[in-house]
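Quick notes on the structure that follows.
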């Protein structure tokens with residue numbers, strides 16, 4: 001697990017695009033831009049030298065969070081660049097066999113991020129670049145839990161408990177957070193598992 005620091009590599013915003021782009025390509029580029037901006041996951045595209053080619057709104061927000069609200073457009077968090085550097089070094093050592101690396105950055109129980117870095121070798125760039133995706137694991141688990149709440153028809157109290165449980169809270173932590181007893185948590189969890197098991201039986 002990385003220890004986050006503020007000593008990040010300096011990079012410069014330098015968007016690139018082909019000079020001979022036609023209207024069809026322009027519409028496609030606009031569409032892809034809208035898709036990327038609409039993603040919940042953060043997307044960073046960097047050159048191998050560390051120059052920032054693109055960052056969507058989620059990436060900017062998450063990088064700000066990593067750097068304790070001191071993020072500017074001039075740098076990426078050191079933990080993320082460390083992964084990029086690992087990929088680049090491993091690639092040179094293992095003859096291009098390694099094209100993706102990933103790790104988790106944990107700020108606290110509600111802020112767990114899965115970082116993935118992969119190489120992109122695109123025709124319109126002179127050199128390969130790095131695609132960094134930043135997934136907020138807490139938000140992903142919360143979305144999954146909301147889906148399960150509806151699927152298994154949980155009560156409002158069961159939903160509260162299940163959302164916390166899915167977010168890696170222990171029974172004891174759930175009880176403390178919701179101001180209920182440990183036995184109450186266990187009772188609701190038993191009911192939840194019964195509903196899930198009944199649903200699994202119907203599927204069979």
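The values are calculated or read from the model by the stated rules, or taken from the named source; none is laboratory data. Model, not experiment: these values are computed from the prediction. Neighbour counts run over all protein chains shown; Cβ positions are idealised from the backbone, glycine included.
Just wondering, is there one or more residues in region 170-193 that are under 30 Å from residue 100 (Cβ atoms) and outside the structural domain of residue 105 (by TED's automatic domain parsing)?
No, region 170-193 has no match at all.
Among the residues of region 134-147, count how many are over 29 Å from residue 85 (Cα atoms) and out of contact with any helix residue (DSSP H, G or I) (no Cβ under 7 Å at 6 or more places or on another chain).
The number of residues fulfilling the criteria is 3.
Please specify each residue of region 155-169 satisfying the condition of being under 22 Å from residue 137 (Cα atoms) and either free of Cβ contacts under 8 Å to residues at least 60 places away in the same chain or assigned by TED's automatic domain parsing to the domain that holds residue 111 (or both).
158, 159, 160, 161, 162, 163, 164, 165, 166, 167, 168
Across region 50-75, which residue is surrounded by the fewest Cβ atoms within 10 Å (Cβ to Cβ) among those that are modelled with pLDDT under 80 and assigned to a loop (DSSP other than H, G, I, E, B)?
Per the criteria, the residue is 69.
Given the conditions (1) in contact with a strand residue (DSSP E or B) (Cβ under 7 Å, 6 or more places away or on another chain); (2) modelled with pLDDT under 90; (3) not in a helix (DSSP H, G or I), report the number of the one that residue 125 does not fulfil.
In the conditions (1) in contact with a strand residue (DSSP E or B) (Cβ under 7 Å, 6 or more places away or on another chain); (2) modelled with pLDDT under 90; (3) not in a helix (DSSP H, G or I), residue 125 misses (1) alone.
Which numbered condition in (1) in a strand (DSSP E or B); (2) modelled with pLDDT of 85 or more; (3) touching a helix residue (DSSP H, G or I) at 6+ places or on another chain (Cβ under 9 Å) is the only one that residue 131 fails?
Checking residue 131 against (1) in a strand (DSSP E or B); (2) modelled with pLDDT of 85 or more; (3) touching a helix residue (DSSP H, G or I) at 6+ places or on another chain (Cβ under 9 Å), the one that fails is (3).
Hey, residue 139 hits all of (1) modelled with pLDDT of 90 or more; (2) within 27 Å of residue 200 (Cβ to Cβ); (3) part of a helix (DSSP H, G or I) but one; which does it fall short on?
Residue 139 satisfies every listed condition except (1).
Given (1) modelled with pLDDT under 90; (2) touching a helix residue (DSSP H, G or I) at 6+ places or on another chain (Cβ under 8 Å); (3) buried (at least 17 other Cβ atoms within 10 Å of the Cβ), identify the lone condition not met by residue 110.
Of (1) modelled with pLDDT under 90; (2) touching a helix residue (DSSP H, G or I) at 6+ places or on another chain (Cβ under 8 Å); (3) buried (at least 17 other Cβ atoms within 10 Å of the Cβ), only one is false for residue 110: (3).
Name the single residue, out of those in region 76-107 being under 14 Å from residue 62 (Cα atoms) and in a strand (DSSP E or B), that is modelled with the lowest pLDDT.
107
If you take the residues of region 152-191 that are over 28 Å from the mean Cα position of the chain (by Cα) and surrounded by 18 or more Cβ atoms within 10 Å (Cβ to Cβ), which of them is farthest from residue 108 (Cα to Cα)?
Checked region 152-191; the qualifying residue farthest from residue 108 (Cα to Cα) is 188.
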